[in-house]
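Trainee: Have a look at this one.
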Amino acid sequence: MADQAAIAAAAAILAQGGLVAFPTETVYGLGADAEDPAAVARIYQAKGRPNDHPVIVHVAPGAKLDYWVSDIPAEARQLVAAFWPGPLTLILKRASHIPDAVSGGQDTVGIRCPSHPVAVALLSAFKGGQGGVAAPSANKFGNVSPTTAQHVRDEFGDAVGGLIGAVLDGGASAVGIESTILDLSRLATHGPVLLRPGHISAEQIAAVIGRLPGLPDQAAPRASGTLESHYAPRTPVTMLDHAELAPTLTRLLDKGLRIAQITYAQPVADGPQQRLPADPFGYAYGLYAALRAMDQTGADLIIVETPPQDAAWLGVNDRLRRAVFGSSGIIESYLRA
Ligand code: TXA
Ligand code: MG
């Protein structure tokens with residue numbers, strides 16, 4: 001666990017324009033001073049991420065929202081009161097001094113106040129708690145997000161100690177998938193829009209603001225976490241319903257293929273596998289570590305048992321859909337070969 005000295009050193013690195021990887025309750029972030037465009041550019045460099053993608057600004061509890069945002073609707077204040085610190089990112093009209101490097105050149109900014117104690121301590125130490133830390137997930141662009149400090153080191157290797165000045169360890173992230181993103185920047189015309197489902201559900205948001213968020217349309221702000229293919233391991237990933245699992249596995253294993261499995265609840269055949277809890281929060285907590293572990297088994301294919309499809313599993317299914325996106329038809333092609 002990062003101690004006070006490590007956190008103070010990390011805050012100093014941020015103040016000097018350097019990069020710090022830090023834990024949040026969702027996933028680990030790769031942070032830089034949000035008001036220093038050159039520092040934010042180093043995040044893009046480290047991640048290999050296109051520089052027109054906006055990054056979330058992380059603020060300390062009690063930070064002044066109107067410093068970062070030009071227009072704060074009542075709904076934003078209500079949601080901040082209900083869910084911050086916590087895994088909810090709000091998209092709002094940006095204040096004019098927010099660098100283009102943070103907003104991706106759009107007229108909005110994503111802002112969130114994380115609850116992880118190490119993140120809170122870092123944000124409180126940086127610029128006396130009045131700064132903002134721009135931070136995407138601490139992974140190479142398109143890869144699975146890290147939920148431990150070791151995942152971050154695995155992602156960035158040599159860059160740790162070089163381009164990345166410090167990696168703060170805060171244990172395994174309790175939520176395990178990225179924050180819920182709610183767009184409140186076009187309320188008058190489009191209402192609240194759920195850009196990315198997460199631990200805080202549409203129903204919980206509706207209970208606070210009195211209306212259920214809509215789903216994104218073509219005009220919704222761009223979000224790389226909403227690209228069709230994202231959060232994907234290097235090994236192809238596919239999903240199968242439980243009934244298809246055993247017969248398909250048998251056929252693939254007969255072909256000499258090496259198959260890794262991620263299941264929930266049901267016992268499965270031999271081979272590399274990870275069994276996740278049958279509740280959506282426990283599943284989300286273990287999902288990325290399971291994908292990383294199965295990615296390292298040398299398997300030809302990772303098969304994920306399709307989780308339940310009801311609302312409580314929306315965040316998990318969203319991430320899995322993106323992880324499998326590039327691998328459609330993979331089973332058929334293996335069986336034909
Ligand atoms: O849980 C999380 O949100 C984590 C932790 C580190 O806080 N961060 C995270 O960042 O997932 P990232 O960059 O991997 O995903 C943030 C998403 C991206 O899809 C980005 O495009 C979107 O938020 N985003 C950020 N600012 C935005 C804006 N102004 N308008 C629309 N989307 C925005
Ligand atoms: Mg990400």
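Trainee: Among ARG77, ARG94, which is closer than 20 Å to LEU184 by Cα and more than 12 Å from ligand 1 (Cβ to nearest atom)?
Mentor: ARG77
Trainee: Within region 7-97, which strands (runs of 3 or more DSSP E) (wholly inside it) include 1 or more residues that are open to solvent by 50 Å² or more (accessible area, probe 1.4 Å)?
Mentor: In region 7-97, the matching strands (runs of 3 or more DSSP E) lie at 88-93.
Trainee: Which strands (runs of 3 or more DSSP E) sit wholly inside region 115-202 and have at least 3 residues that are within 22 Å of VAL57 (Cβ to Cβ) and open to solvent by 10 Å² or more (accessible area, probe 1.4 Å)?
Mentor: Filter on region 115-202 gives 164-167, 193-196.
Trainee: From GLY326, GLY286, GLY315, which residue is touching a His at 6+ places or on another chain (Cβ under 7 Å) and either outside any strand (DSSP E or B) or among the small types (Gly, Ala, Ser) (or both)?
Mentor: Among GLY326, GLY286, GLY315, only GLY315 is touching a His at 6+ places or on another chain (Cβ under 7 Å) and either outside any strand (DSSP E or B) or among the small types (Gly, Ala, Ser) (or both).
Trainee: Residue pairs, Cβ under 6 Å, 6 or more apart or interchain, first in region 173-193 and free of Cβ contacts under 8 Å to residues at least 60 places away in the same chain, second open to solvent by 10 Å² or more (accessible area, probe 1.4 Å) and within 11 Å of ligand 1 (Cβ to nearest atom). List them.
Mentor: VAL193/PRO216; VAL193/ALA220
Trainee: Identify all residues within region 165-176 that are touching a His at 6+ places or on another chain (Cβ under 7 Å) and within 16 Å of ligand 2 (Cβ to nearest atom); write none if there are none.
Mentor: Listed by number, the list holds a single entry, VAL175.
The values are calculated or read from the model by the stated rules, or taken from the named source; none is laboratory data. Keep in mind that what you see is a predicted model, and the values were worked out from it rather than measured. Ideal geometry is used to build each Cβ from the backbone, glycine not excepted, and the neighbour counts take in all protein chains shown. Heavy atoms of the whole protein, side chains included, go into the accessibility calculation; ligands, DNA and RNA do not. Shrake-Rupley method; radii C 1.70, N 1.55, O 1.52, S 1.80 Å.
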